[in-house]
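Just below is one structure, and these are the notes that go with it.
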Amino acid sequence: MQSVVSSRACFEANLRPACSAALQGQNQGRVEAFWSPSGACVNPSFDGLRRAPLLFQSHSQELKTLSGTPFLSPCRQTRTATPARAVAAGAEVDIATESGSGKQVERGPAWSVHKFGGTCVANPERIKNVAQIITEDTTSKKAVVVSAMAKVTNRLYSLVELAESRDPAYVHELDALFEHHKSAAEELLSGSDLAAFVKVLTSDIDDLKAMLRAISIAGNATEAFTDYVVGHGELWSAQLLAATVRARGEAATWMDAREVLTVIPTKRHTEVDFKLSSKAAPSSQVDPNYELSDARLDQWFTQKGADTIIVTGFVARTPDGIPTTLKRDGSDFSAAIMGALFRAGRITIWTDVDGVYSADPRKVSEAVVLPLLSYQEAWEMSYFGANVLHPRTTLPAMKYDIPITIRNVFNQEAPGTKIWRMTPPQEEGQEHLLGDGVVKGFATIDNVALINVEGTGMAGVPGTASDIFSTVSVVGANVIMISQASSEHSICFAVPEAQAQAVARALESKFRRALDAGRIAKVEVLPKCSILAAVGQNMASTPGVSSMLFNALAKANINVRAIAQGSSEYNITVVVEQGDSIKALKAAHSRFYLSKTTLAVGVVGPGNIGAELLDQFKAQTSKLKEEFNIDLRVLGIADSKKVLVDESGIDLERWQARLDEDGAPASLDDFTARMKTNYFPNTVMIDCTASATVASFYQRWIRQGMHIITPNKRANSGPLDYYLKLRELQRKSYTHYFYEATVGAGLPIMSTLRGLLETGDKVERIEGIFSGTLSYIFNSFDGSKPFSGIVKEAKEAGFTEPDPRDDLSGMDVARKVTILARESGLRLELEDIPIQSLVPAPLAECKTVDEYMSKLPEYDDDLSRQQAEAEAAGEVLRYVGVVDAVNGKGSVELRRYPKSHAFAQLSGTDNIISFQTTRYHAQPLIVRGPGAGREVTAGGVFSDILRLAAYLGAPS
């Protein structure tokens with residue numbers, strides 16, 4: 001080296017021109033190092049300057065490197081630096097120390113490794129908490145890897161960016177970092193410990209100012225410069241924590257990992273780098289050199305070893321002694337490498353969550369902490385975005401079979417997640433059950449794009465895939481997932497969306513001739529996608545996992561764009577539209593029993609039946625969760641005046657008050673839109689009205705993937721064309737439409753009929769008493785009281801509608817007959833059903849109910865006569881509906897039946913329905929029971945909800 005700048009004045013006089021010359025490629029090695037204002041001899045290693053690290057000795061005093069890096073350690077500013085000898089780069093040198101321990105490192109399970117992230121040491125109070133955890137650990141030997149204080153690393157990266165842009169604000173930002181750490185030290189330390197830390201901190205800040213000034217002059221920073229700057233956060237936090245542990249009475253020292261941890265950076269040179277940048281591509285990752293690291297650990301421990309060592313995370317050195325880092329989020333990786341170097345018995349990663357969750361708990365509130373994962377499962381989940389571990393953390397631990405435990409520093413009672421070797425192979429003859437933890441968890445990657453390369457000319461042509469992915473590599477894009485059709489007609493792969501257009505342009509350029517010739521049809525970009533991965537080691541030995549996953553996605557109306565699965569079957573990966581990402585995650589998570597089968601419920605019409613249904617929900621919700629894995633969440637309620645939607649769920653204890661207080665003006669369009677946007681995997685709309693307007697929304701709900709349950713007869717008995725389109729639409733979708741309560745309230749009428757038809761039976765005739773009101777009236781009409789008197793009693797008892805004419809007109813029975821006829825395969829309109837009305841024609845025009853009730857006695861004679869004639873013949877009057885499937889017609893009328901007939905045996909408001917079929921020809925199948933009332937009708941609706949949940953995956 002021909003010159004060393006040894007003062008601030010010389011720095012100003014010589015370094016600036018040297019930097020300028022370096023930028024112009026004119027530097028001939030005149031300046032390779034300078035003295036920083038703190039007295040540190042610093043080799044800036046600008047592009048154009050020689051990068052070989054040199055260690056200088058001046059006479060008998062060693063001028064050692066800072067942590068074995070090319071940045072030379074503090075030397076007195078007044079001392080003349082006369083380099084006695086230069087040691088070749090990468091050569092092993094003694095690690096200088098003030099006082100050596102003389103100990104030999106004893107590797108083995110007696111060592112435990114802890115790692116504390118930035119949030120764990122974010123402030124003095126948290127550093128004290130970490131120190132307490134360390135001192136209370138009864139393990140005899142401890143290596144504690146620590147990150148920089150929260151956000152410090154980002155702030156250091158920002159300093160480099162400011163300096164590169166020649167923004168002098170880096171000085172103020174660096175001063176702020178000084179105050180931040182000095183303030184923390186003042187709260188944690190005192191006396192000589194505090195003075196020593198502040199002295200080191202001051203020296204480091206001065207060195208960084210000189211370094212950043214050099215970067216500012218040059219206008220860019222090499223990777224080594226950047227790594228040197230950003231690694232200081234860990235240096236400071238490690239020294240702070242070590243001093244705090246010592247203050248608690250435990251002997252502890254700190255290790256600058258750059259003195260021990262040796263890694264080999266991997267370079268990824270891309271076409272973009274060479275064309276657009278004067279700098280080489282940064283290292284994408286690093287590989288530990290265990291042989292060199294072991295040797296340096298032995299040497300370090302001999303000099304400085306202790307039973308409690310606080311180690312800087314994130315930072316390392318190259319074999320040439322150049323400082324580097326383990327890249328973003330690398331402190332977990334540091335801990336695992338240290339565990340391997342010490343051959344530790346365990347590694348504990350302390351973070352701010354209770355462990356590894358089955359899914360991101362911010363997206364799936366029902367996600368659970370997984371008690372145990374294999375190394376492979378943890379790796380897969382971290383790769384696909386589970387924010388708990390650096391993706392490579394498990395590799396060093398696997399090398400020596402060291403268990404890793406993820407624990408919450410803020411909830412030390414939680415046992416966390418243990419990550420260890422593969423679970424033992426199952427015994428011969430045993431099979432894993434689909435619901436028994438086969439899939440451990442789910443993770444998503446958002447903001448990706450699919451690139452699809454397609455063409456008939458690709459089939460059977462060797463090297464096509466190689467050409468595609470070598471082109472992608474030149475662009476520097478990260479390929480997240482690959483899927484190829486076995487026909488070789490197309491290859492699709494996922495890349496980060498920000499890189500998609502660059503990849504597409506590069507591929508179009510590479511394959512221009514093939515595109516022009518038509519051998520390749522297109523290079524297509526499908527933006528706004530997300531990747532969903534299901535991860536589980538036991539998927540390989542369990543049939544049906546893929547089926548369950550895709551069934552769950554289909555039932556949630558999720559379209560899958562691409563699929564990939566490795567032969568190891570540790571994960572199944574699908575690509576979905578980004579807008580469906582959370583919904584897909586919840587649907588898949590729910591299907592594999594990791595959370596409850598969740599139904600997002602919207603109730604339209606919280607009146608008589610609707611209010612009772614909400615009460616039944618309230619009473620049964622907890623039991624359904626605990627015993628049947630069904631999670632009913634009422635998200636929306638709408639009546640004729642107001643609508644209320646709350647994605648977190650409506651408290652059923654006070655739903656009426658919330659609807660009154662927080663409800664918006666009624667709008668079914670708005671209600672539908674807001675219910676559609678929820679992220680729950682299954683949405684069900686329950687229509688408890690008798691409104692044709694609400695029924696007109698059914699087709700829209702089905703198109704939007706919503707299930708429908710209703711006691712409302714309007715849709716199934718309305719215009720035949722609408723009904724047929726509704727059923728066709730529902731059959732083509734993955735939605736369900738249940739309407740058991742439309743005919744028999746809580747009685748299993750529709751399900752019985754459907755069961756007969758689905759098993760191949762043929763309906764000949766359906767006949768029944770379908771109205772609870774009319775059943776009560778004619779069960780009581782025995783000649784002892786006039787007909788009008790019985791109607792009055794029924795009205796006063798609440799058995800009729802507010803206007804009894806709605807019951808007595810027979811229209812309700814006709815709608816039920818129409819529904820049954822259509823279910824049996826008859827294409828009848830409601831108008832095709834002849835109805836014998838029990839409302840005298842003159843009274844149909846009465847303007848008020850009171851007027852009608854006052855005039856009704858005038859018409860008692862006709863019905864009294866019919867009752868007397870029936871009685872004389874040993875018969876009774878019953879108001880029935882009939883489906884004559886043989887002749888393709890239906891009717892509603894008053895009929896006479898022998899007193900021995902089943903229809904004559906009713907009491908109260910019971911309904912009875914007779915199914916005469918090919919199988920049940922001589923003796924019809926009878927269904928009998930209460931067919932009216934809010935409780936039984938709401939119960940029928942509730943039964944349909946449970947049937948829906950079973951279809952969607954809830955265990956029976």
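The values are calculated or read from the model by the stated rules, or taken from the named source; none is laboratory data. Source: prediction; values computed, not measured. With ideal geometry, Cβ positions are generated from the backbone for all residues, glycine too; neighbour counts draw on all protein chains shown. When the accessible area is computed, the model is the full protein with side chains, heavy atoms only, and any ligands, DNA or RNA have been set aside. Shrake-Rupley method; radii C 1.70, N 1.55, O 1.52, S 1.80 Å.
Before moving on, here are some points about what is shown:
- The residues of the range 598-736 expose on average 42 square angstrom of accessible surface per residue, using a 1.4 Å probe on protein heavy atoms.
- Residues W300, W420, sorted by accessible area with the largest first, give W420, W300 [1.4 Å probe; ligands and nucleic acids excluded].
- The distance between label points at S751 and A251 comes to 7.5 nm (points 7 Å beyond Cα on the Cα→Cβ vector).
- Lys, Arg +1 and Asp, Glu -1 on Cβ, resulting dipole of the range 441-592 about Cα centre, debye, nearest 20: 180
- Expressed as a whole percent, the accessible area of the range 834-932 that falls on carbon and sulfur atoms is 50 (1.4 Å probe).
- Accessible solvent surface per residue of the range 783-936, calculated while the other protein chains remain in place, 1.4 angstrom probe, Å²: 49
- In straight-distance terms, cross-link reach from K583 covers every one of the aspartates and glutamates whose alpha-carbon lies under 16 Å from its own, apart from those fewer than eight places away in the same chain; here that gives D360, E366, D446, D631, E647.
- Between E647 and K151, the contour length at 0.36 nm per residue exceeds the Cα-Cα span by 175.3 nm.
- Cross-link partners of K792 among lysines (Cα-Cα below 24 Å; sequence separation of 8 or more within a chain): K847, K855
- Counting only protein chain heavy atoms and rolling a 1.4 Å probe, the accessible areas of F628, F116 rank, largest first, as F628, F116.
- Derived scalar couplings ³J(HN,Hα) [the range 750-761; Karplus, 6.51 cos²θ - 1.76 cosθ + 1.60; whole Hz; x for Gly, Pro]: 5, 5, 5, 4, 5, x, 4, 5, 5, 8, x, 6
- Rounded to the nearest 0.05, the FRET efficiency derived from the C-beta distance between V479 and D803 at R0 = 60 Å is 0.30.
- Relative to one another, the C-alpha centroids of the range 511-578 and the range 156-234 are positioned 46 Å apart.
- With a simple spin-label model that places each label point 7 Å from the Cα along the Cα-to-Cβ direction, the separation between K847 and E758 comes to 5.3 nm.
- The accessible-area ordering, largest first, of the residues E935, E234 stands as E935, E234, per a 1.4 angstrom probe.
- R727 contributes about 40 Å² of solvent-accessible surface, heavy atoms of the protein only, 1.4 Å probe.
- Filter on K713/K762; K141/K182; K618/K713; K555/K732; K641/K816; K363/K642 - keep pairs with C-alpha separation over 18 Å: K713/K762; K141/K182; K618/K713; K641/K816; K363/K642
- Note on V927: accessible area is roughly 20 Å² with a 1.4 Å probe, heavy atoms of protein only.
- Distance violations [Cα-Cα > 25 Å] among K623/K795; K586/K625; K151/K586: K623/K795; K151/K586
- Solvent-accessible area of the range 111-352 (1.4 angstrom probe, protein heavy atoms only): carbon and sulfur portion equals 48 percent.
- In Å², nearest 10: area of Y859 left accessible to a 1.4 Å probe: 80
- Expressed to the nearest 5 percent, the antiparallel share of DSSP beta bridges inside the range 111-352 is 30 percent.
- Net charge dipole, the range 719-760: roughly 120 debye, given to the nearest 20, about the Cα centre with Cβ charges of +1 for Lys and Arg and -1 for Asp and Glu.
- Positive-end ranking of L162, Q132, F342 along the dipole of the range 111-352, with charges on Cβ about the Cα centre, is headed by F342.
- Summing charges over neighbours of K528, with a neighbour being any other residue whose Cβ is under 13 Å away from its Cβ, gives -3 when K and R count +1 and D and E count -1.
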